[in-house]
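Worksheet: one structure, shown below.
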Amino acid sequence: MTRFEPTPKGLLLTALAVGAAWVAVKLAPVALVLIAALMLVGTLSPVVRWLEKRGFRRGLGIALVFTVTLVATLLFLLLTIPALIEQLASLVKQEPSLRGRLADFLERSRATASLAQSLREVHYDALAKAFAGVAWDYSTRAVSIVAYLFSAIFLALYAMLDRDTLRGGLFSLVPRTRHIRLSRVLVNLEAIVGGYIRGQLLTSLFMALFTTTLLAVCGVKNALALGVLAGMADVLPYIGVFISVVPAVVAALGNGPAVAVIVLVAMLVYEEFESRFLVPKIYGKALRLPSSVVLFALVVGGTLMGLVGALLALPAAAAAIMLVRELRVELPGEDRPDHGTRARDASAEAEYERRVEGVPAEQAAAVAVEMSEDRRVEDGGKA
C-alpha cells in the first residue's frame, strides 16, 4: 500500500497553486477589461495609422478617431433606443389582444387547445414579481458592465497614447535576437483582432438588413428599430438568436398569426444560414480559419467559459494558430520550415541587428514593427 507523506515543499507548492488560482478568479474581470481594451486598440490603430500617413499627428489622429467613434455610437443610440421604447410600449398595450389572437389560433387544433386555455389564464402578478427580481439583479450587473466598459475604453486610449513607451518596455524585456519574432506576433495579433471586429460588424449588418427588410415587407411597425435590435443581438452567441427572433415575432403578431409564423420561419432559416454558412465564410476569411475550426472553436469556447468564451473563441483560435506558425513550433506531423523561410528569418534578424545597434529599446521596437509590417505586405497581407 502506497503511503502519502506531505513534505513542507509540497505543501508550500500546493498552497501557492491554490492562492494563484484564487487570485486568477478574482482578477478575471480585470483580465476581461484588458482584453477588451486590447481589442479596441487593435480595431482603431489601423485607422490612426491611416491618418498618420496623410499628415495627421498621432495625438490628433487618436483624438479624432475616438471622437468620431463616440459621436457615431451616441447617434446610433439616439436613433434606435426611442424607437425601441416606442415599440415596447406599443407591444405592452397590444398584449391582451395579441394574446387573445394567439389563443384563438391555438384553439383551432386539438393538440394545442390546452395550451390556448393556459394562455388565456395567465396571471401577471407572479410574473411581475419574478420579473422585478430578475430585472433588479440584471440592473446591478449592467452597472458593473458599463463601469468595466468605460475602464476598457480609457485603458485603450491611454495605451494608444503611450504606445511607444509601452512597446519599448515590452521589447526591453525580450532579448534582441527575439525582437523580430515578437514584432511579427504583435502585428499579426492586431490583424486578427481587426479581422474579427470586421467580421462581427458584417454579420451584424447583414442580420439588421435582413430583419428590417423582412418586417417591412410583412408590414410590421418599427421594422428599422427591430432590425437594429436584431443586429446588435447578433453579437451575442447562443442567446442572440432569442433576442433577435422573439421581439420580431411578437411584433408581427399584431398583423395576425400567419404573419408571425412567416417571420418566425424566415428568421430561423436565416439564423441557420448565418451559423452554418455565413459565419464560417466571413470569419474564416478574416481570421484565416477553416470553417470546421470556426464552428469547433465556438462550441469549445462556449462550453468552457459560456458567453464570454464564445465571444473570444475565434480570435483566440486564430491567435493560437498564428503563434504556432510564427514561433516556428515544430508539431509532430508537420515538416520543419523550409530553408527559404529560415533564410528570410535570418536575413531579417541580421538586418534588424544592423539597424538598431546602439539605439534604445523604444526606437528598436519601432524598427522591428516596421520591418514586420513590410514583410506582412510582401506575404500578401494588408498594410
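The values are calculated or read from the model by the stated rules, or taken from the named source; none is laboratory data. Since this is a predicted model, take the numbers as computed values, not measurements. Backbone-built Cβ (ideal geometry, glycine too); neighbour counts: all protein chains shown. Note: areas computed on protein heavy atoms with side chains; ligands, DNA, RNA excluded. Shrake-Rupley method; radii C 1.70, N 1.55, O 1.52, S 1.80 Å.
Key figures
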read-out	value
³J(HN,Hα) computed for each position of segment 268-275 - Karplus, 6.51 cos²θ - 1.76 cosθ + 1.60, integer Hz, glycine/proline x	5, 5, 5, 4, 5, 4, 5, 6
Full-stretch length increase - Glu86, Val25 - with 0.36 nm per residue and alpha-carbon distance subtracted	17.9 nm
Share of carbon and sulfur in the accessible heavy-atom surface of segment 139-182 [1.4 Å probe, %]	71 percent
Exposed-site-free run, longest, the chain (rule: GluC sites (Glu not before Pro); DSSP loop; at most 11 other C-beta within 10 Å)	122-329
Under-27-angstrom lysine pairs by C-alpha in the chain, whenever the two are 8 or more apart or on separate chains	7
C-alpha long axis of helix 361-378 to longest principal axis of the chain, angle in °	70 degrees
Within the chain, longest stretch free of exposed chymotrypsin sites (Phe, Trp or Tyr not before Pro) [DSSP loop, at most 15 other beta carbons within 10 Å]	5-237
Förster radius 22 Å - calculated FRET efficiency between Ala72 and Val308, Cβ distance, rounded to 0.05	0.30
With Cα atoms, 0 to 90° folded angle of helix 28-53 axis to the chain main axis	70 degrees
For the chain: accessible area per residue (Å², 1.4 Å)	63 Å²
Computed Rg/Rh of the chain, alpha carbon atoms with Kirkwood Rh	1.06
Helix 124-161 axis, angle to the chain major axis (alpha carbon atoms, nearest 10°)	20 degrees
